[in-house]
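Engineer: Quick one: structure below, then a few questions.
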Amino acid sequence: RVLFRSMQEGIRRALRRFPDRAPGPAFIEAAEHVFFEPELAGYRPFPGAVRVLHQLARAGLSLACVSNATSHWLVQRIVEGMGFAPFFDPVVSSAGFGRPKPDPAIFHSVLQQWNLPPERAAVVGDTLAADIAGARGAGMRSVYVTMRPNPENAQHPHIRADAEARTLAEAGR
């Protein structure tokens, strides 16, 4: 089992080193927001991403965002800031769920909300070890998007997707 810690857990652990100060949940949440604000400002959608999401939604497909981020707050802000919120239901993060991809349980939680069997769903992702292996472990199909090189993927040449796409538009076909 993969050890996973959310940003809030990390802040709490760090603050235990200062036992004379016991900040409450509001402080920890505020610290998380301050930490991620600079990162949040740098996110931009890939060209054509909103158009692809519109096409998929018009086709009647259910769409979710499943992220391995250590902050659920960050994932929600990114989804909202890029204009993706109308398309994704649910938005799931490892921080909020408590387990990271490739754990099949994180994918099964989405399928359960949709009342959909795994063989009727696909994961579109850019990380072989988390997205593609996670899809396979959950019994789902997978589409590996290669438009942005991910150096981590070189360590996992044995992991194969059901399909590959060079762009988001190609993945949406």
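Engineer: Can you tell me which condition Tyr144 does not meet? The list is (1) within 21 Å of Ala57 (Cα to Cα); (2) within 14 Å of the chain's Cα centre (by Cα), and all the others hold.
Structural biologist: Condition (2) is where Tyr144 drops out.
Every residue, every condition in (1) in contact with a Phe, Trp or Tyr (Cβ under 7 Å, 6 or more places away or on another chain); (2) within 17 Å of Asn68 (Cα to Cα); (3) among the charged types (D, E, K, R); (4) not in a helix (DSSP H, G or I), yes or no:
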| residue | (1), (2), (3), (4) |
| --- | --- |
| Ala133 | no, yes, no, no |
| Val143 | no, no, no, yes |
| Pro149 | no, no, no, yes |
| Pro157 | no, no, no, yes |
| Glu164 | yes, no, yes, yes |
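Engineer: Turning to a different aspect of this structure: Name every residue in segment 145-170 that is under 15 Å from Lys101 (Cα atoms) and buried (at least 16 other Cβ atoms within 10 Å of the Cβ), in order of residue number.
Structural biologist: Asn153, Ile159
Engineer: Residue check, His108 against (1) in a strand (DSSP E or B); (2) open to solvent by 60 Å² or more (accessible area, probe 1.4 Å), all met but one. Which one?
Structural biologist: (1)
Engineer: Helices (runs of 4 or more DSSP H) wholly in segment 1-100 with at least 1 residues that are open to solvent by less than 50 Å² (accessible area, probe 1.4 Å), under 20 Å from Gly125 (Cβ atoms) and without any contact (Cβ under 8 Å) to a residue 24 or more places away in the chain - which ones?
Structural biologist: 72-81
Engineer: Since Asp103 meets every condition but one in (1) of a type in the set (Asp, Glu); (2) without any contact (Cβ under 8 Å) to a residue 60 or more places away in the chain; (3) buried (at least 19 other Cβ atoms within 10 Å of the Cβ), which condition does it not meet?
Structural biologist: (2)
Engineer: Just to be sure I understand the filter: pairs with C-beta atoms under 8 Å, separated by 6 or more residues or on different chains, first member in segment 153-173 and without any contact (Cβ under 8 Å) to a residue 60 or more places away in the chain, second member assigned to a loop (DSSP other than H, G, I, E, B) and aromatic (Phe, Trp, Tyr). Which pairs pass?
Structural biologist: Going by the 8 Å Cβ cut-off, there are no qualifying pairs.
Engineer: Among the listed residues Ala105, Ala122, Ala129, identify the single one that is modelled with pLDDT of 95 or more and touching a Pro at 6+ places or on another chain (Cβ under 9 Å). Walk me through it before giving the result.
Structural biologist: On the way: Ala105 fails: touching a Pro at 6+ places or on another chain (Cβ under 9 Å); Ala122 fails: touching a Pro at 6+ places or on another chain (Cβ under 9 Å).
Testing whether each residue is modelled with pLDDT of 95 or more and touching a Pro at 6+ places or on another chain (Cβ under 9 Å) leaves just Ala129.
The values are calculated or read from the model by the stated rules, or taken from the named source; none is laboratory data. Quick caveat: nothing in here was measured; it's all calculated off a predicted structure. Here Cβ is always computed from backbone atoms with ideal geometry, including for glycine, and neighbour counts include all displayed protein chains. In case anyone asks, the SASA skips ligands and DNA or RNA and just uses the protein heavy atoms, side chains included. Shrake-Rupley method; radii C 1.70, N 1.55, O 1.52, S 1.80 Å.
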